[in-house]
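The values are calculated or read from the model by the stated rules, or taken from the named source; none is laboratory data. In this text the structure is predicted, and so the values were computed from the model without any measurement. Note that we place each Cβ from the backbone using ideal geometry, even for glycine, and neighbour counts take in every protein chain shown.
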Amino acid sequence: MVTTRASSRDSVEKARLEDLETVPGAKRRVEHNVHGAAERGIIATDHYGESLVQFDLEAERKLRHKLDYMIVPTVSILYLFCFIDRANVGNARLAGFEKDLGLTGNDYNMVLSIFYVSYIVFEIPSNVACKWIGPGWFLPAISLGFGVSSIGTAFVQNSAAACGVRFVLGVFEAGMMPGKLISVEGL
């Protein structure tokens, strides 16, 4: 079936080009119009789904490498910060977090769980905000908020303050991963 489709496509293309050869300069005008239309976003593929615009493979390779060298390290560092935050709560418990804050019973579990409550609740609004604001402004803003609230963790004195800071961390971290995906997707 694919060969039939390809052969019919080739015959249609051949007939179109033969018709254009009868009019001087028509072929060049049609190709220019098609490329111009594709650049304006009107049409990018023919009725078979084949691309009408050909890209310079060398320029595309250079762009891909440039993006890899700029985007991948930044996204990796953001992911590392989020991971360190989650892992450090367990390390803080071993270092006396519960004793320092006077946590009893299930207080430690509540401090951990409140993070995920805000993370789940604010993930969809963060996606919408990232699309609306744009990842170029959204990611630095939530990274700054995440950093400030992480620093705020050092100044908590009781379980209520720890829950509040962890809740705010969940709000900011909820937009991190979707924001990173949206920024890479938009390239």
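Only one residue in Leu101, Leu187, Leu181 is of a type in the set (A, V, I, L, M, F, W, C), modelled with pLDDT under 90 and over 30 Å from Arg61 (Cα atoms), so which one is that?
On inspection, the qualifying residue turns out to be Leu101.
Hey, any hits in the range 83-94 for a residue that's at pLDDT 85 or above, more than 29 Å from Ala174 (Cβ to Cβ) and out of contact with any Gly (no Cβ under 7 Å at 6 or more places or on another chain)?
no
Scan the range 143-165 for residues that are assigned to a helix (DSSP H, G or I) and either over 29 Å from Val72 (Cβ atoms) or outside the structural domain of Phe115 (by TED's automatic domain parsing) (or both) and jot them down.
Gly152, Ala154, Phe155, Ser159, Ala160, Ala161, Ala162, Cys163, Gly164, Val165
Filtering the range 151-163 down to residues that are at pLDDT 90 or above and small (Gly, Ala, Ser), which residue is nearest to Ala92 (Cα to Cα)?
Ala162
Cβ-Cβ distance below 8 Å, separation of 6 or more or different chains: which pairs start in the range 132-156 with a residue that is touching a residue at least 60 places away in the same chain (Cβ under 8 Å) and end on one that is of a type in the set (Ser, Thr, Tyr)?
Leu139/Ser183
Looking at (1) surrounded by fewer than 18 Cβ atoms within 10 Å (Cβ to Cβ); (2) in contact with a Leu (Cβ under 6 Å, 6 or more places away or on another chain), which one does Ser149 not meet, given that it meets all the others?
In the conditions (1) surrounded by fewer than 18 Cβ atoms within 10 Å (Cβ to Cβ); (2) in contact with a Leu (Cβ under 6 Å, 6 or more places away or on another chain), Ser149 misses (1) alone.
Mind counting the residues in the range 53-76 that are loosely packed, with under 11 Cβ neighbours inside 10 Å and either β-branched (Val, Ile, Thr) or in contact (Cβ under 8 Å) with a residue 60 or more places away in the chain (or both)?
Going through the range 53-76 one residue at a time, the tally reaches 0.
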